[in-house]
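Read the figures in this text as sums done on the coordinates, not as results from a lab. Just so you know, these numbers come straight off a predicted model, no measurement behind them. Here the Cβ is made from the backbone with ideal geometry for all residues, glycine too, and neighbour counts use every protein chain on show.
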Amino acid sequence: MPLAVLERAQRDMLDWNGSGASVMEQSHRGKRFGELAAQTEADLRQLMAIPDDYAVLFLQGGATQHFAQIPMNLAAADGSADYLITGHWGEKAASEAAPYVRVNVAASSKAQNYLRMPPREEWQLDPNAAYVHYTSNETIHGVEYHDIPDVGDVPLVADMSSNILSEPIDVSRFGLIYAGAQKNIGPAGFVVMVMRRDLLQRATRPMARILRYAEHAAAGSMLNTPNTWGWYITGLTLQWLKEQGGLAAMAERNRVKAETLYRAIDGSGGYYRNPVDVAARSRMNVPFTLHDSTLDAVFLQESEAAGLMALKGHKALGGMRASLYNAVPPEAVEALTGFMQDFAKRHG
Ligand SMILES: *Cc1c(COP(=O)(O)O)cnc(C)c1O
């Protein structure tokens, strides 16, 4: 989280917006919260340049719930959907979708240990698929698409949980964009979704209203009590992004941060290694290993003592992983690369 957002939330905690109470104690039907909700949507629309024919939804359940809810809403009960799988989260999205749609794995780099993108000429896209799902940034494997896959007229669905708002994108290329908030926006459990309005009519199978995106859209994402705290923090993060100069400025900042870290890894003479194909490397999540894994524990202990947090790699991969989300300032990346160089000298 950006420090400025946390400090603002701290100041607002007991008296939000002159109300004499915290935002969590406000009615979501009240005027004050209504204004916050509208401003948050307006800010997201401005930052991402979202066209009018797209609905913006603020939902719950984390990205994982929508792995299941997306096929329920976008595919007929006997329909199929294409999945491009480039890491852990794409795999999970496909397996959670499987009870609701015939999943066609149109491409996968699993056999290459998710170290590179599956070559486009090998993708087996079905022109009759209800949608094509992909994960724009694989958080654990550190693999990112650097362009938007061209899938013709089939609606493109993107799990952008770990790189949403990190750079400008052309929203009109997508049918649906969704993101669990906790990586690059705000509190866990909150979900931001941008959906082409015509797709809201795709949900034909019987399901509870609470699962139907069209109902959420019609109710301004207040079909039931929304996660008001998540909505509020998201609003503060969007304001902060606007103050930083918007997504073009974030993209440049994120590019420099990633370059700094990859240069330190690649320039370490093999002391540190990132095995991902250079063309597919993530700007957001950088997994790396030490040349001698028996030093991992020492590295983590010393880095934490130096104030560098959360560097332990995901249990699926081991090693280290540095996440360079929007909220991570460039100085933090310089502190990390300085530490890495110093560590290599001392433990060479
Ligand atoms: C973290 C993450 C998820 C899972 O999010 P939850 O909110 O925990 O369900 C899904 N996709 C990606 C790309 C992620 O990084």
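Details
- Phi-based couplings in Hz for the stretch 133-143 (Karplus 6.51, -1.76, 1.60; Gly and Pro marked x): 9, 9, 10, 5, 9, 8, 4, 8, 7, x, 10
- Charged neighbours of residue 36, selected by a Cβ distance under 12 Å, balance to -2 (K, R count +1; D, E count -1).
- Measuring spread by the Cα atoms of the stretch 191-234 yields a radius of gyration and Dmax of 11.5, 34 Å.
- Evaluated over the stretch 162-226, the Cα radius of gyration and Dmax, each in Å: 13.2, 38
- Additional length obtainable on full extension of the chain from residue 256 to residue 198, 0.36 nm per residue less Cα span: 17.1 nm
- Semi-axis lengths (Å, descending) of the ellipsoid that matches the C-alpha gyration tensor of the chain: 34, 28, 16
- Rounded to the nearest angstrom and listed largest first, the equivalent-ellipsoid semi-axes of the stretch 19-126 from its Cα gyration tensor are 37, 16, 15.
- By other beta-carbon atoms within 10 Å, ranking 183, 345 with the fewest at the front produces 345, 183.
- Cα convex hull, the stretch 82-211: 122 Å³ per residue, rounded to a whole number.
- Cα-centre dipole for the chain with unit charges at Cβ (Lys and Arg positive, Asp and Glu negative), debye to 20: 480 debye
- Karplus-based coupling profile of the stretch 302-307, in residue order and whole Hz: 5, 5, 5, 4, 8, x, with θ = phi - 60° in 6.51 cos²θ - 1.76 cosθ + 1.60 and x standing for Gly or Pro.
- Calculated FRET efficiency, residue 123 to residue 304, Cβ-Cβ distance, R0 = 30 Å: about 0.10 to the nearest 0.05.
- Karplus-derived HN-Hα couplings along the stretch 183-189 (A = 6.51, B = -1.76, C = 1.60, θ = phi - 60°), whole Hz, x at Gly and Pro: 8, 10, 10, x, x, 4, x
- In summary, the convex hull built on the alpha carbon positions of the stretch 252-313 has an orientation-averaged projected area of 4.6 nm².
- Between residue 108 and 85, the built amide H atoms are under 5 Å apart, and every one of these is 5 or more places off in sequence or on another chain.
- Sorted by Cβ density within 10 Å, fewest first, the residues 294, 225: 294, 225
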